[in-house]
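To start, the structure under review is shown below, and the notes come after it.
Derivation of every value follows stated rules applied to the coordinates shown; laboratory data play no part. These numbers come from a predicted model, not from an experiment. Every residue, glycine as well, gets a Cβ built from its backbone with ideal geometry; the counts of neighbours run over all protein chains shown.
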Amino acid sequence: MNKDHEPRIVAFLCKWCSSAGSDMAGVSRLEYPPNVIPITVMCSGSVSPIYILSAFNLGADGVLVSGCHPGDCHYIKGNMYARRRMALLKELLPYLGLEPERFQMSWVSAAEGVKFTQIIKDFVAQLKPLGPQTYLRRSL
Amino acid sequence: MVKISDVRQEAKRLLEKGKVRGVVGYVPGTRGGWAIPYLIQEAERAEQLVWDPTCVHNLALFVVEEKKEQAKQKEPDKRPLAVMVKGCDSRAINVLLQEKFINREEVVLLGVSCENSGVVDRRKITHLLHGQQAGEIRFGDNGNIVVVVNSERRIFDPQEVLADRCLECQYNFPVVFDYFYGEKIKKTPPAPYAQVEKLESFSLEKRRQFWEEEMARCLRCYACRSVCPMCYCAECVVDPISFAVEPTTTAEEKAKKIKWIEKSPLLSENFVYHLVRAIHLAGRCVDCGECERVCPEGISIRLLNKKLEREALRLFNYVAGTDSQAPSLLSTFQETDPEDFIW
Amino acid sequence: MEKILKKSDLGKWVGKLSAFDCYAPTKENDHWEFNQVTYLDSLPEDYTQVNVPLKKVVLPNREVLFNFEDNRNGGPHIQEVLPEEKEVVVFGVRGCDARGVALLSKIFSESSPDIYFERRKNQLYVVGLSCYPLPGDNCFCLSVGGGPFSTQGMDILLSDIGRKYFVEVLTPKGEKLVELGWEFFAEPNDQDRQDRLRREKKAQEMFNLEIHEAEKKAGVLHHLFEDKIWKTESFRCLKCGICTYLCPTCHCFDIADELASPVPLQGKRVRVWDTCQFPDFTMHSSGHNPRPDKSSRLRQRIMHKFLYFVETYGEIMCTGCGRCVSKCPVGIDIVNILNRVESHEG
Amino acid sequence: MRKKIGVFVCHCGINIAGTVDVKTVAKELSQYPGIEYAVDYVYMCSDPGQNMIIEKIMEKKLDGVVVACCSPNLHESTFRRAAQSAGLNPFECEIANIREQCSWVHKDKEKATEKAIKITEGVVEKIRWNERLQPIKVPVTKRALIIGGGIAGIQTALDLANSDIEVVLVEKNPSIGGHMIQLSETFPTLDCSQCILTPKMVEVSKHPKVKLYTYSEVQEVSGYVGNFQAKILQKPRYVDPDKCTLCDECSQVCPVVVPNEFDLGLTGRKAVYIPFPQAIPATYTLDIEACPGVLPIACGKCWDVCEPKAINFDMQPEVIEEKVGAVVVATGYDLYDKKNMAEYGYGKYPDVLDGLQFERLLSASGPTRGKILRPSDHMEPKEIVFIQCAGSRDPELHNKYCSRICCMYTAKHAKLYKHHVHDGQAYVFYIDIRAGGKGYEEFVNRSMEEEGVLYLRGKVSKVFEENGKLVVWGVDTLAGQDIEIRADMVVLAMAIRPSSGAEKLAKLLKVAQDSDGFFAEAHPKLRPVESLTAGVFLAGVAQAPKDIPDTVSQAGGAAIKVVSILSQPELLHSPLVARVNKSLCTGCGMCVEVCPFSAISLHEDKAEVNEVLCEGCGTCAATCLRAAIEVKNLTHLQIYDMLGVYLGGLR
């Protein structure tokens, strides 16, 4: 296993909480590893499971979906639907043999720059020992 | 016991009175004693209807197909379609109702009970008969299956010959119907998720190995998709071109068709295809098991569906196809939905 | 050239073929497939027929045609990819499958040679196994120009005559294989020849499925384009690809560009199996679909095999393997359909 | 045609350039397919920076601009304005956030630069598919519907009417005035409630911009912000207000007596009645439930005596449709139901009263003309016990919340009691005293100190009658001893609950309620008068318990929120809304189920988006099994292409 592997992570961040929370991490000059590329979406409720499958298919080593805490959703309840969908995916992927650590969901509010930073650090740390994700990754 | 003569009589009456535009049911096939789905449009043909353990097909599919067919007609026949439904077929009908793909008035449901038994698995029968052809396969007493081989009558225990899906089924009688034939005998399968649990008990590495072997065989013939009554989308995520093309569609719009999954049966693409398929069926799959039956490569497709079926039950207390009025699994939520997996 | 190979010598002979990749039928779950083997002591007694026919060796379900790359600086760059140079021996090929490859050659070799097919076919050595007893209930090769002991498309045909194989060496390629293990081959005697013949005769009597006067079907089908049989028979069709993907002669394909990376653009152009049974197969860019429904697609499959191909190449494009009958999930039966069109022709 | 895209990379001084090699970002992007121009600059948001963008758009004929800079929350609008001034559509400009999400959080310059390039490339891919969109213009009906004619509704109506906005004010009772008109005096200044409210009631009824519907209820509200249609059911009052001269002849001959709601059952009224003398509209109402029959044959005495012939038995319920641009919910409260308070003998003993009943006793216009007399025997109570938090702050048995006004009105009650009964003794059982308003603390202190009201910290366990006295068993938790008071009267500071029709109204307006049943505000701190439904606002106790000053302030707040919508010639709504691909839609309605804004409906078996209601969250897009609905400018394709770039280079 390649211990030096730098995992490539895609993070789907909802605009109002988690993306704002990552901005907060920036404003607070908190440091975290540069392995994550954020994709800001309007709401975690808009993240289709196929985005996640496709990210793995295109070579992501980890995928993070982050939304507002329950009750704080800018769109009232989009995150509640996301929670259901992601719960199923979280169950399904390891059932097929994908390491459960590779897919993660989190709640990060606009104020939680520190939490966002910690999540990225933890996520990167748990992905590193797994090495590259080749299971669902397309190799032509 | 289902008296097939009653079903035939009702089918005949419906056709004679012009109450339905056709009856979708089972008739004897051409090779051996295996039934095939058939659209009966002439009253006299109703006599051909059969009901035996070879009636494996989920006829809800043909409700979908016929609906699409009618939509293409300039002058669609607005009369309902009568269809023979087993327990799983009827639950599929419920999902179609729930998703408003059909209206209740569009179908006349001739519900048949699986007689405390179920349908047979052709592979199991072939194996047991060592390649001999079964002349006739019918329901016996106490859920037993009677197989006639070279005019010799053999009786099999359901455990030996029934399809796995039937051995794990809790709804072996229709839950929605207009006519009901046979008896409602509630079965309680001892371990409906035993196979899922067995796979779960494997190590991650072993599970991966198992699925790699399964997925590597996939030819992408899409029989699993085509046979599924829930896969009625106009355009599928694996279709390389868009079906939503009108004469006015511009080249740029056509270019917007996303190729989420490559057409090649590469291992990775097969995985994503089957994952997407499973996720799309979450809370919708009624475990009629047709996908697995039709797979020419014998891929354990049900194990995927069954996993999500169990999670829907375990996490959200949801069972597909039992209530056509309730919201779908993924278009609703509870405040108390589990979130211990979330950071 | 006719030879005799003791069954116990099969493994020794195969041991001499180390320069080749050897394939033989192996059992996966409950069905047979050709898989690569490192040794082959015997051909399995219970072997019937492989699931995916021999065509997958010459027309794999994914053939890379070339690599492409759009370099930021250098512009587009294309690199041809040809099949690996590797000679392949496939053992246990049934007559129907071997004939399938022979029929495919008419398309891919004769009229306008396809380099990928050509190379794969040239590298392929077919060691057939005659059918006694018949591998399946749905075999009907006899009615479409083949037979249980057909040799068309084979380099060698092995016929089980008890403890030994009756070996017919049919081509120089076959001779080359025998040459490599010449010490294991003996000359057959009359008894051997009789045994083989007796079995062939017996096998021919075992068919319980036939297309009546298959060669005349073209003439019949010619008038049946608008027949309602297509509609009634296709009602239950699922529009899946089983019948065609598992057919030894169906060869339709799609060309697709597969991307390894969108930016910079990099990928492969591939040829993948496609089938006339998929609704998108004939879909035009305009959205118009000349074969818009299941009935027109079922008709196409049968017409192509028993009319159009006959018109172009003078042969039926069906080898009677029976897979489309056995494997169809809804019991669509090409034999039954063809026999019925005869009956209501008048 | 492929867009000509320009990329502008900001140094942000050293904020970005310190960690990200901006020159390399610009250079890499300049070689990216389809990029017409890429440049870096020290401060893109400065005037010279913006001017450079404008010039390059025109010079290079760009039709897409990506600015790689700080978070879009900061300067997206700046750069979109700049792009717009160069003739682009605002959606042809997008921000790549390489500061907050990159330079500020990383130290490794090489990796940060690589990430900044990826982020920017992704946004380039996104903008390729961006559509030119215009804000959705929504016409506005310059009228507001106010539901509830208490102080909250009246104040909102007046503030709006005085801002030249037409108001439709709907009150379900025969008169406006709400609970405030029932009160005697108001804390902390003890001015007479009726004296300060009636001028407002008159003003609202006479205001040319106010259309008043009393004895009416809102039945149905359809439409959306700026364009609601309301159906209002006007109940027949069988008395023509224009003809009624308030002579009271009808009431005198009416043979039926029923409890008077205005006095909370402390008095009776006739079937034909005026709720209170200052009622507005000033007219009698015939209570059809109580009346023996509108047929003259059944009774008809009132009709006989009515000289101006104001009584009309033929009146029918009427449904009136009103078009409005905004709705204010000011439905106030009801007292917590009697049946829930059996332990205090409420509803059982006539001398156990609730706060509002006590107000009526105190009121000069009340049943006792302002004298405090026991309902049972009309004697003056010499010992009186006030029990606070009756039904409030009790999550186990009753309501978990604080009803907020009870501490103050109990202090007022005790004080006023002492004003009337100088030799009487008042006790107050309390949990805490919450007197947070201006002058409130002083008010409570005066009650205790000047009036000698005995405040006992503790709960009352039981009230029962014994020998004509009400025995109050309680505990003084400060002294740590059980207390028994033999009182003549007990007054319960009953919890206040959302008005009985609140749930129905919430459904009809598609407005959320909180767990206590009060209408939910859009944000507890920053948007306290807005509901989550665009164009529906909240005022008064309907939103949460509050006193009169807070209610009046909130009413004013709601009014200005309404004005801010209705003062515009048309509303502009973000065009980033969902769109349905009808050829893929199968009409399953799952998007309809999940849409938090009820913006999607099914028409002829296809989903249809009301673009004005849609907020563009995209929950529908992830729910749809057929990819038949997606949000403009953040489509599946755009996400897919971004993923492709971010993860690209599978080499």
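Scan chain B and report its longest stretch carrying no trypsin sites (Lys or Arg not before Pro) that are both in a DSSP loop and have at most 12 other Cβ atoms within 10 Å.
In chain B, the maximal stretch lacking such sites is B:187-343.
Within a Cβ distance under 9 Å of D:Lys469, other residues only, what is the Lys/Arg minus Asp/Glu net charge? If you can, show how the numbers build up before the last one.
On the way: positive: D:Arg486; negative: D:Glu383, D:Glu465, D:Glu466, D:Asp488.
Net charge in that neighbourhood comes out at -3.
Please work out the C-alpha center-to-center distance from the stretch D:382-398 to the stretch B:287-321 and express it in whole Å.
Each part reduced to its Cα centre gives a spacing of 57 Å.
From Cα pairs below 8 angstrom and at least 6 apart in sequence, can you work out the relative contact order of the stretch C:214-341, rounded to a whole percent?
Dividing the mean separation by the residue count of the stretch C:214-341 yields 32 percent.
List the residues whose amide H sits under 5 Å from the amide H of C:Val64, counting only those 5 or more places along or on another chain, with H placed 1.01 Å from N in the peptide plane.
Result for C:Val64 returns C:Arg271.
Counting residues in the protein assembly as shown as N, plug N into 2.2 N^0.38 Å and put the Cα Rg over that result.
That ratio works out to 1.16.
Taking only Cα atoms, what is the 0 to 90° angle, nearest 10, from helix D:548-566's long axis to the longest principal axis of chain D?
The two axes meet at around 40 degrees.
Sequence gap at least 6, Cα distance under 8 Å: using those rules, report the relative contact order of the stretch B:1-189 to the nearest whole percent.
It rounds to 23 percent for the stretch B:1-189.
Hey, what did chain D get for relative contact order, percent, Cα under 8 Å, at least 6 apart?
13
Report the Cys residues of chain C lacking a disulfide-compatible partner, meaning no second Cys Cβ under 4.7 Å from their Cβ.
That list is C:Cys22, C:Cys131, C:Cys139, C:Cys141, C:Cys237, C:Cys240, C:Cys252, C:Cys276, C:Cys318, C:Cys328.
Restricting attention to chain B, give the cysteines that have no other cysteine Cβ less than 4.7 angstrom from their Cβ.
B:Cys55, B:Cys114, B:Cys166, B:Cys169, B:Cys218, B:Cys221, B:Cys233, B:Cys236, B:Cys285, B:Cys295
Starting from the Cα of B:Glu136, step 7 Å toward the Cβ, then list every residue of the stretch B:178-196 with an amide N under 15 Å from that point.
Nothing falls inside the zone, counting backbone N under 15 Å.
In peptide D:114-121, what is the residue-averaged number of other protein chain Cβ atoms found within 10 Å of each Cβ?
Across D:114-121, the average partner-chain Cβ count within 10 Å equals 2.
Take B:Thr188, D:Thr285, C:Thr319 and order them by how many other Cβ atoms sit within 10 Å, fewest up front.
B:Thr188, D:Thr285, C:Thr319
For the stretch C:302-346, what is the convex hull volume of the alpha-carbon atoms per residue, in Å³?
Looking at the stretch C:302-346, the number lands at 75 Å³ per residue.
In square nanometres, what is one fourth of the surface area of the convex hull spanned by the alpha carbons of the stretch D:577-631?
2.9
Using a basic spin-label model with each label point 7 Å from the Cα along Cα→Cβ, how many nm lie between A:Val114 and C:Glu213?
9.2
Could you give me D for the stretch B:214-265, from Stokes-Einstein at 4 °C and 1.567 mPa s, where the hydrodynamic radius is the Kirkwood radius over C-alpha pairs? Units µm² s⁻¹, please.
Answer from the Stokes-Einstein relation: 101 µm²/s.
Just need the Rg to Rh number for chain D, please, alpha carbons only, Kirkwood Rh.
Values: Rg = 32.6 Å, Rh = 29.3 Å.
That ratio is 1.11, to two decimals.
Helix D:406-420: angle to the longest alpha-carbon principal axis of chain D, degrees 0 to 90, nearest 10?
30
Within 10 Å of each candidate Cβ there may be at most 16 other Cβ atoms; applying that plus a DSSP loop requirement, which trypsin sites (Lys or Arg not before Pro) in the stretch D:275-335 survive?
D:Lys309
Any of A:Lys90/A:Lys115; D:Lys142/D:Lys632; C:Lys173/C:Lys268 with alpha carbons more than 26 Å apart? Name them for me.
Numbers: A:Lys90/A:Lys115 21 Å; D:Lys142/D:Lys632 30 Å; C:Lys173/C:Lys268 33 Å.
Cα-Cα > 26 Å for D:Lys142/D:Lys632; C:Lys173/C:Lys268; rest within.
Report, in whole Å, the centroid distance computed from the Cα atoms of the stretch C:147-183 and the stretch D:190-261.
106
Cα axis of helix D:193-206 to longest principal axis of chain D: angle in degrees, 0 to 90, nearest 10?
Helix D:193-206 sits roughly 60 degrees off the main axis of chain D.
Based only on the alpha carbon positions, what is the Kirkwood hydrodynamic radius of the stretch C:2-204, in angstrom?
18.1
Please report the spacing between the Cα centers of the stretch B:213-240 and the stretch D:503-557 in Å, no decimals.
The stretch B:213-240 and the stretch D:503-557 have Cα centres spaced 50 Å from each other.
Less than 10 Å Cβ to Cβ from A:Phe56, Lys/Arg counted +1 and Asp/Glu -1: what total charge do the surrounding residues give? Walk me through the intermediate numbers first.
On the way: positive: A:Arg102, A:Arg137, A:Arg138; negative: A:Asp61.
Cβ neighbours under 10 Å give a net charge of +2.
State, to one decimal in nm, how far the label point of D:Asn73 lies from the label point of D:Leu190, with both points 7 Å from Cα in the Cβ direction.
So the two model labels end up 5.1 nm from each other.
Taking only Cα atoms and a 10 Å spring cutoff, compute GNM fluctuations for chain B and point out the largest among B:Ser324, B:Ser268, B:Ser113.
Answer for the Gaussian network model of chain B: B:Ser268.
Spin-label point model (7 Å from Cα, Cβ direction): what's the D:Gln134 to D:Leu454 distance in nm?
In this crude label model, D:Gln134 to D:Leu454 measures out at 7.7 nm.
Which entries in the list D:Lys200/D:Lys231; B:Lys12/B:Lys74; B:Lys17/C:Lys327 go over 29 Å, if you measure between the two C-alpha atoms of each?
B:Lys17/C:Lys327
Between D:Ile431 and D:Lys507, what FRET efficiency comes out of the Förster formula 1/(1 + (r/R0)^6) with R0 = 41 Å and r the beta carbon distance, rounded to 0.05?
On the way: r = 34 Å, r/R0 = 0.84.
The formula returns an efficiency of 0.75 here.
Among C:Glu210, C:Glu87, C:Glu183, whose mean-square fluctuation peaks in a Gaussian network model of chain C (Cα, cutoff 10 Å)?
Looking only at C:Glu210, C:Glu87, C:Glu183, the largest GNM fluctuation is found for C:Glu183.
For chain A, set up a Gaussian network in which alpha carbons nearer than 10 Å are linked by springs, and say which option among A:Gly113, A:Gly59, A:Gly97 fluctuates the most.
A:Gly97
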